[in-house]
1. Are any of the residues in the stretch 394-415 more than 22 Å from ARG207 (Cα to Cα), touching a Cys at 6+ places or on another chain (Cβ under 9 Å) and among the charged types (D, E, K, R)?
2. Is it the case, given these coordinates, that ALA406 is among the aliphatic types (A, V, I, L, M) and part of a helix (DSSP H, G or I)?
3. Among the numbered criteria (1) under 31 Å from the mean Cα position of the chain (by Cα); (2) surrounded by 14 or more Cβ atoms within 10 Å (Cβ to Cβ); (3) not in a strand (DSSP E or B), which one does PRO418 miss?
4. Return the total of residues in the stretch 49-87 being assigned to a helix (DSSP H, G or I) and of a type in the set (Phe, Trp, Tyr).
5. So which residues in the stretch 433-457 are more than 25 Å from GLU395 (Cβ to Cβ) and surrounded by 18 or more Cβ atoms within 10 Å (Cβ to Cβ), if there are any at all?
6. Only one of these is at pLDDT 95 or above and over 15 Å from the mean Cα position of the chain (by Cα): PHE263, PHE251. Name it.
7. Go through (1) within 30 Å of CYS253 (Cα to Cα); (2) in a helix (DSSP H, G or I); (3) at pLDDT below 95; (4) of a type in the set (D, E, K, R) and name the single condition GLU149 misses.
8. Go through the stretch 166-212 and report how many residues are touching a strand residue (DSSP E or B) at 6+ places or on another chain (Cβ under 8 Å) and either within 30 Å of GLY430 (Cβ to Cβ) or not assigned by TED's automatic domain parsing to the domain that holds ASP36 (or both).
Amino acid sequence: MTRTLIKKCFALFAGFALPLVLLAQNSGDFSVSSNDSIITCASEQYRPNSFLRRLFMGNNYRKEWAQKVKLPVFHFSGSGFTVKDLGGGMQTKSLHMVDAQGKQWSLRTVDKFITDAALTPALRNKVGRGLSQDLISAAFPYAAPLAGELAHAAGITAARPKVFFVADDPSLGQYRDVFAGRLCTLEERDLGFDSTADSEALLKNIRGDNRYKVQQEIYLRARLLDMLIADWDRHADNWRWGLKDSAGFHFYCAVPRDRDWAFYYSKGWVPFLAQKSGGILCLIPFTKKLKNVKMQSWKAWTMDEELTNELNAAAWEKCIDSFCHTLTDDVIERAVQQLPAAVYKTDGEAFAQKLKSRRDALKKEAMKYYRFLAKDAVINGSASDEKFLISADGENLRVTVYRNDAESQKLYERSFSPEETAALTLRGFGGADVFEIDEKVQSPIRIKIMGGKGRNRYDLKGAVRTTVYDVREQAGIVHAGKAKFHWQDDADSSPNKH
């Protein structure tokens, strides 16, 4: 009886917490002329008006949402902005604008508004909407500006949003009801790149053409900031990618955006049980003790697996040391001082102490996450022609990927230790690829090869357990070695597509 009741509670709590996942769907500095200011608060709707609400939903950031703060007023008329379009997800609304110089900006609502589109059918009622809306109190209303300052200090390309109160201005036109009288962040969208792409376009390009690459150290640095500030919502839509050309390659630079859930905090039963029951694994609160980076990073696992696969343990440690060295105590304190004065007075010292403590623990905890990723590593080719060579490197396996053409330009190289790595997956995606295992290779590391579309050649020697997925008609086998071949009806039916 008790076990059944607990299971039902877990299911109910996970259902109420679902909007946290659905809600979460930045470089220059700037100044906007504003001659007036206002005393207001981020929202009145999260006040802790009952003991049961605080018990089940948590104290969260209710005090900060209701805290009266002095903010500059944003007047759309006379600002020099022209509206481009309305964006945002199901809760956060953003107004995309262009200034007189042609730079793009975004005005984003601070508070979120739950609609039925974000809810399961069981929650599309008055009680369900109310409880779901109340979960927004676990988000820090001034997360975006603080995250932007920390990113800037850490050398990460990102927006530096500022919080404004938007005046009730008729010039807002059809968008007046959405933005007037609300707190919004204003941020520049132009990042100093010739062009930018979303994550869908990024993945399409790097998997389609081996001339496209990601600057993995830059991406890792941005992910370290995510860990520091407990931003659990780092899915693919929360990134932009700036493009730079160098030495015959097109390099993508990671630009994090949408910090709605940075500094997430709740000790309520609902989010706690939702996380513990497996409903939402990543709900790890922003506390003084940094822990469970693996679970906090749950929504980023796939991106991290692919976009940090060039970096070994030494590269991670070097990046972490550089990141932590940059974020000194003074730097953290200056960043926290950018909070509204009233919020800084009540929360500033606590935020600074948490950030310092988490920074000091970052290397240990981030390296645990590195080991999680390294245990089952993935190396991608592209739709271009590549040669994958696996050779012995002492007790380790060395994987080198070349362009499969006359120049044979090196695209990738990394050595994998069996103490860290249990399995390696090589994905060809397309093109005429060559997969070769040197005869001197002896390793307990398991190898899985997914040939993808194209006529592939296999020269597999050495003593290593290898499994190959390909289409029989397009596979040329020089040596099969110890490999087991699983023939597919077509390349799209291969595990490669996942």
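1. no
2. Working: among the aliphatic types (A, V, I, L, M): yes; part of a helix (DSSP H, G or I): no.
In short, no.
3. Every condition holds for PRO418 apart from (2).
4. Let us first name the residues in the stretch 49-87 that are assigned to a helix (DSSP H, G or I), namely 51-57, 62-66.
Keeping just the survivors that are of a type in the set (Phe, Trp, Tyr) gives 51, 56, 65.
Looking only at that region, the number is 3.
5. Our first condition is that a residue be more than 25 Å from GLU395 (Cβ to Cβ); within the stretch 433-457, this holds for 433-434, 450-457.
The answer is ASP433, VAL434, MET450, GLY451, GLY452, LYS453, GLY454, ASN456.
6. On the way: PHE263 fails: over 15 Å from the mean Cα position of the chain (by Cα).
Matching residue, one of PHE263, PHE251: PHE251.
7. (3)
8. 17
The values are calculated or read from the model by the stated rules, or taken from the named source; none is laboratory data. A quick note: this is a predicted structure, and the numbers were derived from the prediction, not measured. Positions of Cβ are backbone-derived with ideal geometry, glycine not excepted, and every protein chain shown enters the neighbour counts.
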